[in-house]
Protein chains: 4
Amino acid sequence: MEFKDNKPIYLQIVDLCFHKVLKREWKEEERVPSVRELAVSLEVNPNTVMRSYDYLQSEDIIYSKRGMGYFARQGAYEQTLELQRKSFYETDLLEFFNKMNLLNISVKDIVAAYNKQSK
Amino acid sequence: MEFKDNKPIYLQIVDLCFHKVLKREWKEEERVPSVRELAVSLEVNPNTVMRSYDYLQSEDIIYSKRGMGYFARQGAYEQTLELQRKSFYETDLLEFFNKMNLLNISVKDIVAAYNKQSK
Amino acid sequence: MEFKDNKPIYLQIVDLCFHKVLKREWKEEERVPSVRELAVSLEVNPNTVMRSYDYLQSEDIIYSKRGMGYFARQGAYEQTLELQRKSFYETDLLEFFNKMNLLNISVKDIVAAYNKQSK
Amino acid sequence: MEFKDNKPIYLQIVDLCFHKVLKREWKEEERVPSVRELAVSLEVNPNTVMRSYDYLQSEDIIYSKRGMGYFARQGAYEQTLELQRKSFYETDLLEFFNKMNLLNISVKDIVAAYNKQSK
DNA sequence: GTGGTCTAGACCACC
DNA sequence: GTGGTCTAGACCACA
């Protein structure tokens, strides 16, 4: 997989995992790929994936069972959605509006662009 | 001034300068604050401001006159606006829409949030 | 049964066995649960229990009769008590006192806490 | 420095840092040793110290300023004391009492041992 | 100089 | 097989 280089790889992997959870590809209480598996498939070092999983664990999205692997937590979907929404509304959106104002772009323009791309 | 942690300070200063230009606080062909002045008022290391000015220079927003300081270029406003709009439409907006879809947030929600904040 | 995360499961099982011996639930020269039985009741892998039993055997607390299972040794109680007391006085207690000093906790506080919990 | 091997080195370093804070060797809002410095003096890999500092950062004991190093937080002392006391009372102490009961050791014995060692 | 990220490779305990 | 820790060494961005 390809990674951007303006953001740490391990955080991009975290985003990817969020995506999996939100798309229900990672189901609650089920096993997720092992560190090594994911490392191979993403073509990164296992340590890097480990770091992502550490992060996800600290956010209560996954947990580890010794010698057995990592599992998605009960409530992982809700937890992820809430987390992401919060950061969206509290950070992304405000910056977005600021930039709109600064560049003299109206809501109408945004809506137009949205309709265009979703066609 | 307070800076965020997730973005290099020198780029946050660049953003701030863009802001000044777009708000016409930095007028074309007029002198802008010296590296030292800006460093003092922002409470950062002069090297950091230097780096921001280097960047702005490479983007043709400002230029230096030896011994006299930095000046906003003729056409700085247009240049900045175009630059920012381009990155807005080609990058920010697409990411924004992707995130909206992922988090199940509709355009309506965005418009509502916009109207609410601009009150 | 629930296990803690900061200590290997097999050692937690060992502790549990010590407990049984000291509480006279495992009587000397009598049969103790088979590896499989214990594994089922604790909901762990038989290998894990096997490892605990190996450990107990190496400490002369239990022994195996081929085809008949495991038995508590003659003298298991004394052996366990001595073992545990030794490690308690030589290791646990010193660390405990160090931590008390560091956190400015007096013996009085400890005694108070003890009386409170034993009510 | 010597480390035990029943506990990850990075956590032993964390304990050491707690100790520094509680002994007022690390003063609030002052710089603490850089990752590399501490790594050299403890004879461990910088990554390992980094990990300890990450942990301390997540516990709000220290924070980093880019390119400038790590600093003890305002309130680090209180924060550390509270953290340690909490884990002491909620975990260490209970286990300690359990073991005492199991091994038939009385509070008197503990007090005696304490007086003896503090002479 | 500082923190921070990443890789490669090793070793261990655990299940 | 799994997670977890550690080392060595490299490279980058930042101040």
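Please treat every number below as a calculation from the coordinates, not as lab data. All figures in this text were calculated on a predicted structure; none of them were measured in a lab. Note that each Cβ is placed from the backbone with ideal geometry, even for glycine, and that neighbours are counted across all protein chains shown.
Please identify the pairs in which a residue from the stretch D:5-18 that is in contact (Cβ under 8 Å) with a residue 40 or more places away in the chain has its Cβ atom under 7 Å from the Cβ atom of a residue that is away from DNA strand E (no atom under 15 Å from the Cβ) and assigned to a helix (DSSP H, G or I), counting only partners at least 6 apart or on another chain.
Between residues of the stretch D:5-18 that are in contact (Cβ under 8 Å) with a residue 40 or more places away in the chain and residues that are away from DNA strand E (no atom under 15 Å from the Cβ) and assigned to a helix (DSSP H, G or I), the close pairs are D:18/D:80; D:18/D:84.
Examine the stretch B:78-86 for a residue that is in a helix (DSSP H, G or I) and hydroxyl-bearing (Ser, Thr, Tyr), and state whether such a residue exists. Break it down stepwise before answering.
Filtering the stretch B:78-86 down to residues in a helix (DSSP H, G or I) leaves B:78-86.
Retained after the next criterion (residues that are hydroxyl-bearing (Ser, Thr, Tyr)): B:80.
Looking for residues that are in a helix (DSSP H, G or I) and hydroxyl-bearing (Ser, Thr, Tyr), one finds at least one in the stretch B:78-86, hence yes.
Looking only at the stretch C:17-37, which residues are surrounded by 18 or more Cβ atoms within 10 Å (Cβ to Cβ) and within 16 Å of DNA strand E (Cβ to nearest atom)?
Listed by number, the residues that qualify are C:17, C:35.
Just to verify a result, which residue in the stretch B:1-51, among those that are under 17 Å from residue D:66 (Cβ atoms) and of a type in the set (Phe, Trp, Tyr), is nearest to the chain's Cα centre (by Cα)?
Once the filter is applied, the top-ranked residue is B:10.
What are the pairs, 6+ residues apart or on separate chains, where a residue within the stretch D:93-113 that is facing another protein chain (nearest Cβ under 7 Å) and without any contact (Cβ under 8 Å) to a residue 24 or more places away in the chain has its Cβ under 7 Å from a residue that is assigned to a helix (DSSP H, G or I) and among the hydroxyl-bearing types (Ser, Thr, Tyr)?
Taking only residues 6 or more apart or on different chains, the pairs are D:97/C:114; D:107/C:114.
Looking only at the stretch B:38-56, decide whether some residue is within 14 Å of chain A (Cβ to nearest Cβ), surrounded by 16 or more Cβ atoms within 10 Å (Cβ to Cβ) and either closer than 23 Å to residue A:95 by Cβ or out of contact with any Lys or Arg (no Cβ under 9 Å at 6 or more places or on another chain) (or both).
No, every residue in the stretch B:38-56 fails to be within 14 Å of chain A (Cβ to nearest Cβ), surrounded by 16 or more Cβ atoms within 10 Å (Cβ to Cβ) and either closer than 23 Å to residue A:95 by Cβ or out of contact with any Lys or Arg (no Cβ under 9 Å at 6 or more places or on another chain) (or both).
Give me the residue from the stretch C:64-96 that is among the hydroxyl-bearing types (Ser, Thr, Tyr) and surrounded by fewer than 15 Cβ atoms within 10 Å (Cβ to Cβ) and, out of that set, nearest to the chain's Cα centre (by Cα).
Ranking the candidates gives C:87 first.
Tell me which of these residue D:14 doesn't satisfy, since it passes every other one: (1) within 14 Å of DNA strand E (Cβ to nearest atom); (2) within 14 Å of chain C (Cβ to nearest Cβ).
(1)
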